[in-house]
Amino acid sequence: MSFEKLLTANVTWTDKCVPHSALFDDYYFSSDDGLAEVEHTFIQPNQLISRFSKSKMNKVFRIAETGFGSGLNFLVAVQHWLTHSLPDHQLHFMSFEKHPMRWTDIARVHQQYPQFKTLSNELKAQYPLLIAGWHDCWLCNNRVRLTLWFGDVLKGLPECDASSGSQVDAWILDGFTPSKNPDMWQPALYRQMARLSHKQTSFATFTAAGEVRRSLQAAGFKVQKASGYGKKREMCFGKIEQLRKHSLKAPWFCRPAPVKTGTAIVVGAGLAGASIAYQLAKAGWQVRVLEAQAEVATQASGNLAGTVHPLITADWNLRSQWYLQGFEAMLRLITPWLNHQELTGELHGIVQMLVTETSLKRVKKALIQVGLPTKLAVWLTREEVTQKLGTEATASGLFFPKGGWLNPTSVVKRCLQHHNITVQTNQIATDIIPPSNSDKKQLLWQVKTTSQLWQSNIVVLATGSLNETLNLTPELPIRPVKGQVSHLNSEQFHPPLNYPVTHSGYSSPCHGGAVSGATFEAPNMSEKISITGHQHNLNAANNALPNWVDATAKTVQGRVAFRPTTPDHLPIVGAIPDFKWMEQAYLTQSHTHVVYKYPKQRYQTGLYVSNGHGSRGLMSVFLAAESLLADIQGSALVQPLSLYHANHPARFAIRKWRSGK
């Protein structure tokens, strides 16, 4: 997925406080009555109120909208949903907006409608950073999920999954009039609508332009005309009439079949395991977590402090996109816990010092090409970095106002507190036995440990870099990389840093002192703490903050852990394929056939993985957990397809095969 710099909306206002787009020379909604226009144009033709109240079988109702604008359509739809739907059902509202409004403009509209104050305030707290791509907001006690795609709708719709659990129930075709916004109203839009629809899908739009009607009909929709609202003479609405078969672009990355809610075993009680255990438990699963060590969070998740901020790349590649979404997922979950003092850490800001010429050039390029919003990152001169940190700094950098540091162990323990979770320690997994089709006594997955045999409907492998369990999935290229961190007591540094800071390593406050790290030592598998490792960490801190550390390598304490890494620096998340079947279906076949001739991927039903999160686990595991839960339950993706494919457990074998190697 290529990245394009986001151009935000340029909004002017009429005397009646109606927003007007300077770019398209068009109004966002009617000056007569915006709410009445929404009801007439979109709610009634899609029969949303009656469908909300009758939606008993499907627990999720999905609306897809072109043009989020001020969010007025969203507010009205949610109000009806909360009034007419069952309390355990969810509305998933997806909206595609090429030129999003700043919140100050949105708030100016919402202030005119006090009946939406509570929902508006909740949306304000989660309104995404104005950067292109996919953003999720969870509102109304998770009864409403808002997915915002900032960017071209014709690039956003192909990133949506068309599996049965992800199809759209109703389309709201809004946006500016076709004559002023021709780039959106293209045949490709209607073809994507058809791809993402099912046999009961409806649509409604304010325009009755002939080209729009004909294109909708050509895509398989039955189109009817009706009287438009106010000064608009006609509008149109309808339903899908002809469903057509759409081939998968990547059948080897197709989604697995869902599994009914039941029992789950999670192997590993680090960040990856605890986060998916928590998501499963919230969804009603009975979860047993098996930990090889005597306590939870003893490996890389046991460090005193982990720094969190998005990853900035000049081209805003898939890694940046993953870690921004992961950062947002972390904030959604962690912020309330921090506010209630249930965790150790602070998310009040973090400084990234650009201590190398390469990092400086990369960030400067990103500032131009990506257009980083100030709510994401603020450029700081060397003098400003010094002032920000409270001690002399040797380089310029970025300040991330929503970043900070967290104690990973406290996060793990908080996740595992859910009443549906049971933790069993000293359980080294030695074998995994799949259900048997021939033996009625073995209908469940079995995990064999050194002391016991455990059974469940599904198994999630979140074993990190633990040597004893890596052999459970030898096809997955997880490489342990040693990292040593150095612990500084309160007398070994001065002054206390105002914010955590990353440089060639990182230096962060922690409970009782500070921590500096970390080494990257491969293939060194020694668990011993070394003077050399401490010296490396102190050198990194001294090069960035020359007057801060007052300690020697021989006087500091520390710890060693091993990060689970992957060749492409992205985690491995998803259902584990049937690798033997994959060998026959793909890897021994020609890679040059047209895609639709290849069969869909086959999985080991009920077996999943979340691993390879490396040194950025705190910005990765929570999105990974949401993604895994979506696969397990067959719900809509929590990330664009390109990211889903980029994290897929089969990707390494498929890439090698597709490249002809």
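What to note about this one:
- Segments classed as strands (runs of 3 or more DSSP E), wholly inside region 497-576, with at least 1 members that are of a type outside the set (Lys, Arg) and in contact with a Pro (Cβ under 7 Å, 6 or more places away or on another chain): 506-510, 557-565
- Hits in region 603-625 (condition: outside any strand (DSSP E or B) and either of a type in the set (A, V, I, L, M, F, W, C) or outside the structural domain of Pro434 (by TED's automatic domain parsing) (or both)): Leu618, Met619, Val621, Phe622, Leu623, Ala624, Ala625
- When region 363-375 is filtered for residues that are of a type in the set (Lys, Arg) and in contact (Cβ under 8 Å) with a residue 24 or more places away in the chain, the ones remaining, listed by number, are Lys365, Lys375.
- Note on region 602-625: residues that are out of contact with any strand residue (DSSP E or B) (no Cβ under 6 Å at 6 or more places or on another chain) and either buried (at least 24 other Cβ atoms within 10 Å of the Cβ) or at positive phi (or both) amount to 7.
- Test: Leu360 is in contact with a strand residue (DSSP E or B) (Cβ under 7 Å, 6 or more places away or on another chain), free of Cβ contacts under 8 Å to residues at least 60 places away in the same chain, outside any loop (DSSP other than H, G, I, E, B) and surrounded by fewer than 21 Cβ atoms within 10 Å (Cβ to Cβ): no
- Entirely in region 153-272, the strands (runs of 3 or more DSSP E) that have 2 or more residues that are touching an Asp or Glu at 6+ places or on another chain (Cβ under 7 Å) and surrounded by fewer than 22 Cβ atoms within 10 Å (Cβ to Cβ): 221-227
- Per the conditions (1) closer than 25 Å to Leu472 by Cβ; (2) in contact (Cβ under 8 Å) with a residue 40 or more places away in the chain, the sole criterion not satisfied by Gln584 is (2).
- Being polar (S, T, N, Q), closer than 22 Å to Val18 by Cα and surrounded by 19 or more Cβ atoms within 10 Å (Cβ to Cβ) is a property that does not hold for Asn121.
- Number of positions in region 459-489 that are within 26 Å of the chain's Cα centre (by Cα), surrounded by fewer than 17 Cβ atoms within 10 Å (Cβ to Cβ) and either outside any loop (DSSP other than H, G, I, E, B) or at pLDDT 95 or above (or both): 1
- For Asn141, the conditions (1) under 26 Å from the mean Cα position of the chain (by Cα); (2) in contact (Cβ under 8 Å) with a residue 24 or more places away in the chain all hold with the exception of (2).
- If you go through region 85-116 and keep only what is outside any helix (DSSP H, G or I), crowded, with 21+ Cβ neighbours inside 10 Å and among the aromatic types (Phe, Trp, Tyr), you end up with Phe93, Phe96.
- Of residues in region 403-458 being within 22 Å of the chain's Cα centre (by Cα) and part of a strand (DSSP E or B), the one nearest to Ile312 (Cα to Cα): Gly404
- Hits in region 380-424 - residues which are among the hydroxyl-bearing types (Ser, Thr, Tyr) and touching an Asp or Glu at 6+ places or on another chain (Cβ under 6 Å): Thr386
- Residue among Ala77, Ala64, Ala36 that is assigned by TED's automatic domain parsing to the domain that holds Val144, in a helix (DSSP H, G or I), in contact (Cβ under 8 Å) with a residue 12 or more places away in the chain and within 21 Å of Trp149 (Cα to Cα): Ala77
The values are calculated or read from the model by the stated rules, or taken from the named source; none is laboratory data. Nothing here was measured: the structure is a model prediction, and the numbers come from that model. Every residue, glycine as well, gets a Cβ built from its backbone with ideal geometry; the counts of neighbours run over all protein chains shown.
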